[in-house]
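Okay, so here's the structure we're looking at.
The values are calculated or read from the model by the stated rules, or taken from the named source; none is laboratory data. This one's a predicted model, so the numbers in the text were calculated from it and none came from an experiment. We place every Cβ from the backbone using ideal geometry, glycine too, and count neighbours over all the protein chains shown. Side chains included, ligands, DNA and RNA excluded: accessible areas come from the protein's heavy atoms. Shrake-Rupley method; radii C 1.70, N 1.55, O 1.52, S 1.80 Å.
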Amino acid sequence: MSIKRSTAPIKFLTIHCAATPEGRANTAAEVTQWDIDRFGQPSYHWVVDLFGRAVRTLDDDQIGSHVGGKNTGNIGVCYVGGLTKDLKAPKDTRTPTQKIALRDLVLAYKRKYPGLVIRGHREWPGVRKDCPSFDVSAWLKAEGL
């Protein structure tokens with residue numbers, strides 16, 4: 001598997017959900033394999049499991065496959081969950097430890113890349129998805145980020 005690399009500056013961090021049911025403890029390896037099967041490579045730079053473990057799946061200079069046409073200079077972070085148990089509706093299923101891990105990743109990237117723009121997947125122009133099943137802008141504001 002050959003993953004494209006980029007020397008473009010990192011300007012964005014996009015938060016995603018894995019669109020898995022609430023409470024199902026899929027691993028980062030499973031989420032990554034689904035993406036390899038579908039897109040031929042890992043989609044995200046980080047996957048955060050139900051227990052708050054942030055697992056790196058791509059280096060920052062590798063181009064993910066997480067926002068159509070907007071992946072260069074864009075770090076993808078995905079949390080496991082995002083749907084109701086019956087898979088019928090989007091739901092913010094983040095566990096307390098996932099929220100901490102996401103906050104820590106955002107803080108680390110904001111320090112590393114000043115001026116970084118953080119968005120939920122659904123906040124990208126032209127995206128018609130509920131992903132990541134919560135309002136990232138409101139969350140950032142509530143967290144003081």
GNM on the chain, Cα springs under 10 Å; top mean-square fluctuation among Pro96, Pro132, Pro42 goes to Pro96
Of all DSSP beta bridges with both partners in the chain, the antiparallel percent, nearest 5, is 25 percent
With -39,500 (n - 2.57) per DSSP H segment of 4 or more residues and division by the full residue count of the chain, the 222 nm estimate, nearest 500 deg cm²/dmol, is -8000 deg cm²/dmol
Of the accessible area of the chain, computed with a 1.4 Å probe and all protein chains kept, carbon and sulfur make up a percent value of 52 percent
For Ile118, other-chain or 5+-apart residues with amide H closer than 5 Å (H placed, Pro excluded) are Leu13
Under Stokes-Einstein, the range 75-145 at 20 °C and 1.002 mPa s, with its Kirkwood radius over C-alpha pairs, diffuses with a coefficient in µm²/s of 164 µm²/s
At R0 = 30 Å the Cβ-Cβ FRET efficiency linking Arg38 and Thr97, nearest 0.05, sits at 0.65
Under the Karplus relation with 6.51, -1.76 and 1.60 and θ = phi - 60°, whole-Hz ³J(HN,Hα) for the range 73-80, x at Gly and Pro, equal x, 10, 7, x, 10, 10, 9, 6
Note to self: with every protein chain in place and a 1.4 Å probe, the chain gives an accessible area per residue in Å² of 52 Å²
Rounded to whole angstrom, the alpha-carbon centroid of the range 88-145 lies from that of the range 1-73 at a distance of 14 Å
Phi angles of the range 25-42, converted by Karplus (6.51 cos²θ - 1.76 cosθ + 1.60, θ = phi - 60°) into ³J(HN,Hα) in whole Hz with x for Gly and Pro, give 8, 5, 8, 4, 5, 5, 4, 5, 5, 4, 5, 4, 5, 8, 10, x, 6, x
The number of Lys pairs in the range 1-140 whose alpha carbons lie under 18 Å apart, excluding pairs fewer than 8 residues apart on one chain, is 9
